[in-house]
Amino acid sequence: MKSNTSFFFPVIFALSFFCLVACNDYLNDDLTEVSSKKTYTIDNLAVQLKSITKSDRDEVISVAGIVHEVNTINNRPTILLKGNVAAQMLVICDMNANQSKRIEKVKKGDSILIKGVFKGVLKDAIMLNCVIVNGN
Amino acid sequence: MMRVVLILLFTMASTLSIDNGEKIIARQGKVSFFSHTSVEDIKAENNQVFSIVDLEKGKVAVSMLMNAFIFEKALMREHFNESYIESDIYPKATFEGEIIGFDSAIKGEQTRIIKGIFTMHGVPKELEIKTRIENNVSGYVISGEFSTDVKDYDINIPPLLAGNIAKSITINFRFEYRPYDD
């Protein structure tokens, strides 16, 4: 009986740990150390959106663009990126809470690379839990 | 001749300004929902809801990505997207409607009913929503609250989890609009 217990506890512990790791996903994590599945400029993102499949949703991607606006609408620090071509769609980056100091340095017109979880497209592309990769 | 050119230019400018002023959009509208049962409370919010209003016609359209809702717990989001809403199959919820008796010239606050079709999980349902419309210096803000029944949207909740989810869900919304070209 004792040997059974000593066997099961490590197994249960290992399974619990695996579940914690496996069940957790990108949305609540700091993505700083997570590598992107793809990197886009906003201009080629607009073109490539036509070929985006279900499998690309909820993946971590990086987007390079020009800062169109920084705001805190709904009390969410958000950076809106635009491309070089006028009237293109924007990318709405809902920033991770740990980015507040970096966001303070971001200005309209800056070139920036942002990484986040791609959720899909309405009028604009939407990314959540974003972190600034470079640019500031 | 000069007078004709000036009149033409003025007319064109007036037309352009009316066109620009006709439609307003919100890129970062907020929609949140709340479910209360004795077992647990579930709340989530989506802060990137798109909406467009045609001020002249009083028409409203709203579109949101169902997988962009933020929950307190990852497991709640997983159940919501994979088991209930099936966001892979039905990625968006939409609303198309008309503001009854809307007058875009009124400054300040007005309360109006918006009547339209809300489609979620592929199921359209006609709704009438009491809405507060503010027209102030910074633009239009439309906000409100309504309740809707889960059973109306063909959402399959396993009997084991039925006690965790309220039969009626309260939905709050707030949209800050800007000129379409902004």
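Key figures for this structure:
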| read-out | value |
| --- | --- |
| Every residue from region B:142-170 that is crowded, with 17+ Cβ neighbours inside 10 Å and farther than 18 Å from residue B:79 by Cβ | B:142, B:144, B:148 |
| Options B:52, B:99, B:70, B:25: the member that is hydrophobic (A, V, I, L, M, F, W, C), more than 14 Å from chain A (Cβ to nearest Cβ) and touching a strand residue (DSSP E or B) at 6+ places or on another chain (Cβ under 7 Å) | B:99 |
| Flag if residue B:134 is exposed (fewer than 15 other Cβ atoms within 10 Å of the Cβ), in contact with a strand residue (DSSP E or B) (Cβ under 7 Å, 6 or more places away or on another chain) and in a strand (DSSP E or B) | no |
| Selected residue (criterion: nearest to the chain's Cα centre (by Cα)) from residues of region B:99-112 that are surrounded by fewer than 16 Cβ atoms within 10 Å (Cβ to Cβ) and of a type outside the set (S, T, N, Q) | B:100 |
| Selection within region B:44-56 - buried (at least 17 other Cβ atoms within 10 Å of the Cβ) and either modelled with pLDDT under 95 or not in a strand (DSSP E or B) (or both) | B:55 |
| When residues of region A:112-126 are limited to those that are assigned to a strand (DSSP E or B) and at the interface with chain B (Cβ under 9 Å from one of its Cβ atoms), the one nearest to residue A:58 (Cα to Cα) | A:119 |
| Members of region B:171-182 found to be modelled with pLDDT of 90 or more and surrounded by 15 or more Cβ atoms within 10 Å (Cβ to Cβ), listed by number | B:171, B:172, B:173, B:174, B:175, B:176, B:177 |
| Candidates A:103, A:61, filtered to the one that is more than 12 Å from every other protein chain (Cβ to nearest Cβ) and under 23 Å from residue A:37 (Cα atoms) | A:61 |
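The values are calculated or read from the model by the stated rules, or taken from the named source; none is laboratory data. Computed from a prediction, not measured in an experiment: that's the story for all the values here. Positions of Cβ are generated from backbone atoms using ideal geometry, with glycine treated the same way; all protein chains shown enter the neighbour counts.
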